[in-house]
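Only the coordinates and a few stated rules stand behind these numbers; no lab work does. What you see is a predicted model, and the numbers here were worked out from it, not measured in a lab. Virtual Cβ from ideal backbone geometry, glycine too; neighbours counted across all protein chains shown.
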Number of protein chains: 2
Amino acid sequence: MVRPTLAKQIPNLQQAIKEAAWRHIARAGAPALSLRAIARDLKITAPAIYNYFPDRDALVTSLIIEAYTSFGDSQLAARDAVPAQDLIGRLTAIGLAYREWAHRFPQRYQLIFGTPIPGYQAPMMEVMPSAARSLGVLVSVVEQLRRAGRLKVRSFPKVKAEFQAGFEMWKKYGGEADILSLSISMVIWARVHGIVSLEIAGSLPPFGASGDDLYLYEINSITRQFMKE
Amino acid sequence: MVRPTLAKQIPNLQQAIKEAAWRHIARAGAPALSLRAIARDLKITAPAIYNYFPDRDALVTSLIIEAYTSFGDSQLAARDAVPAQDLIGRLTAIGLAYREWAHRFPQRYQLIFGTPIPGYQAPMMEVMPSAARSLGVLVSVVEQLRRAGRLKVRSFPKVKAEFQAGFEMWKKYGGEADILSLSISMVIWARVHGIVSLEIAGSLPPFGASGDDLYLYEINSITRQFMKE
DNA sequence: TTAATAAATATACAGTGTTTAGTTATAAGG
DNA sequence: CCTTATAACTAAACACTGTATATTTATTAA
């Protein structure tokens with residue numbers, strides 16, 4: 001006396017729910033995500049979704065993890081497409097891939113790095129692995145530059161003492177990296193995020209012929225300021 | 001046969017609605033803003049608000065303009081607190097004031113620069129004046145540096161041709177400024193926004209004893225990279 | 001065949017923004 | 001002073017939302 005099959009017409013409902021959610025997000029943005037609209041799409045009732053996700057936030061968390069994974073894949077692919085010796089080339093490549101992914105999936109970018117769902121706060125414990133994997137690509141390249149003695153920083157602000165612990169957690173997921181590498185990665189991330197988030201919000205006009213000249217300028221500023229050679 | 005007074009107990013309902021809205025935003029964040037909750041606060045019914053704002057988005061727009069004004073005030077005050085001769089000092093001052101304001105009013109910062117209201121898109125025509133006034137403070141200092149021949153840029157990416165027109169609009173509001181000054185202001189803005197937005201979202205740990213060392217580091221990076229002397 | 005059970009539905013509740021119709025209060029004109 | 005025009009407000013309803021509860025359906029194992 002156990003369980004019946006889950007599927008009638010739809011073989012994998014859990015997956016189908018997420019796919020329908022992505023369709024809605026792509027069309028109307030993350031805030032417009034509605035369980036009832038998803039249910040209508042799949043010709044089921046809204047409470048049926050609760051068999052696969054405890055509540056709407058859990059669905060959103062699941063989507064965020066998927067987005068981080070997609071983002072991380074593109075970061076890894078960009079890094080590994082450049083020879084391991086060419087660290088500056090790798091840094092540039094992941095920088096460009098960062099913007100490219102964000103522009104290809106602006107709604108996903110806002111889902112991850114913005115706060116587009118009203119009362120939602122991402123549960124760090126669940127999201128951390130996929131988040132650290134994606135942002136860890138940058139850290140890994142910076143760390144290798146540091147080990148090669150090619151970091152051009154005389155002094156750098158230290159993380160506040162009581163946050164050192166939380167910072168150490170990153171090391172677990174992102175591979176063994178020095179605090180300095182993590183800190184510099186944060187600055188780089190902030191700079192890149194600054195431009196990309198304003199671009200996506202439509203607050204920055206496109207610079208240059210293909211609209212990415214300002215971004216390239218910043219990527220070069222970063223390498224010139226922080227890296228030797 | 002004309003019009004009656006608008007107020008019974010509440011002398012200025014329009015203002016009272018906005019104040020109640022700010023209270024809710026400060027407590028629960030912008031996405032939690034609810035016309036019915038505001039109405040409950042003021043002991044009126046929700047549709048009564050429609051006598052003062054055509055819809056919820058109009059109320060939000062009004063709040064955004066108020067926020068920009070408050071932000072602009074703090075920018076102007078910071079700039080004018082430093083002697084006009086000390087342009088680098090002025091640049092540093094408005095940079096610090098930017099972060100200070102954002103940390104004092106994180107909800108307002110997200111209201112302006114994030115996208116915290118589900119379907120809302122700010123109407124540029126209405127918001128532009130107050131937005132340009134506040135961001136124009138940065139532009140004005142950069143422009144004065146340019147006129148003094150103290151901009152350290154060999155080449156800088158140009159704004160895409162078809163956006164030149166929209167860029168010219170900024171000049172109307174932000175005072176007469178060269179396109180180069182506007183462009184450099186954009187980069188500076190993006191860098192500052194990158195850190196501040198991540199800080200406010202809780203994604204950046206505090207650096208240094210008072211948590212602003214990383215920000216100071218970036219402000220100095222900006223002046224060292226773009227300005228002479 | 002029967003009993004167990006996962007999965008779906010039906011229904012309901014409390015909340016939202018907004019529309020419509022009707023009411024109230026005020027101020028001016030005759 | 002009293003009527004009338006009208007701005008401002010309320011009451012009720014509509015179409016939504018997420019979610020809880022109870023019930024039904026369908027499947028599978030005993």
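Brief remarks on what is shown
- Selection from the range A:11-31 of residues that are within 13 Å of DNA strand C (Cβ to nearest atom) and either closer than 21 Å to A:Met124 by Cβ or within 14 Å of another protein chain (Cβ to nearest Cβ) (or both): A:Pro31
- Any hit, the range B:39-54, residues being at positive phi and within 11 Å of DNA strand D (Cβ to nearest atom): yes
- Test for B:Ala58: is it within 28 Å of A:Ala30 (Cα to Cα), within 16 Å of DNA strand D (Cβ to nearest atom) and either in a helix (DSSP H, G or I) or within 15 Å of the chain's Cα centre (by Cα) (or both): yes
- Selection status of A:Arg147, of a type in the set (Lys, Arg) and buried (at least 19 other Cβ atoms within 10 Å of the Cβ): no
- Complete set of residues in the range A:188-207 that are out of contact with any Leu (no Cβ under 7 Å at 6 or more places or on another chain) and without any contact (Cβ under 8 Å) to a residue 40 or more places away in the chain: A:Arg191, A:Gly194, A:Ala201, A:Gly202, A:Ser203, A:Pro205, A:Pro206
- Matching residues in the range B:196-226 - criterion: being more than 9 Å from chain A (Cβ to nearest Cβ) and touching a strand residue (DSSP E or B) at 6+ places or on another chain (Cβ under 7 Å): B:Phe226
- Considering only residues in the range A:43-64 that are buried (at least 17 other Cβ atoms within 10 Å of the Cβ) and more than 14 Å from chain B (Cβ to nearest Cβ), the one that is nearest to DNA strand C (Cβ to nearest atom) turns out to be A:Ile44.
- Each residue in the range A:166-193 was checked for being surrounded by fewer than 22 Cβ atoms within 10 Å (Cβ to Cβ) and in a loop (DSSP other than H, G, I, E, B), and 4 of them qualify.
- Candidate set from the range A:113-135 (those that are within 10 Å of another protein chain (Cβ to nearest Cβ) and within 11 Å of the chain's Cα centre (by Cα)); member that is farthest from A:Tyr68 (Cα to Cα): A:Gly114
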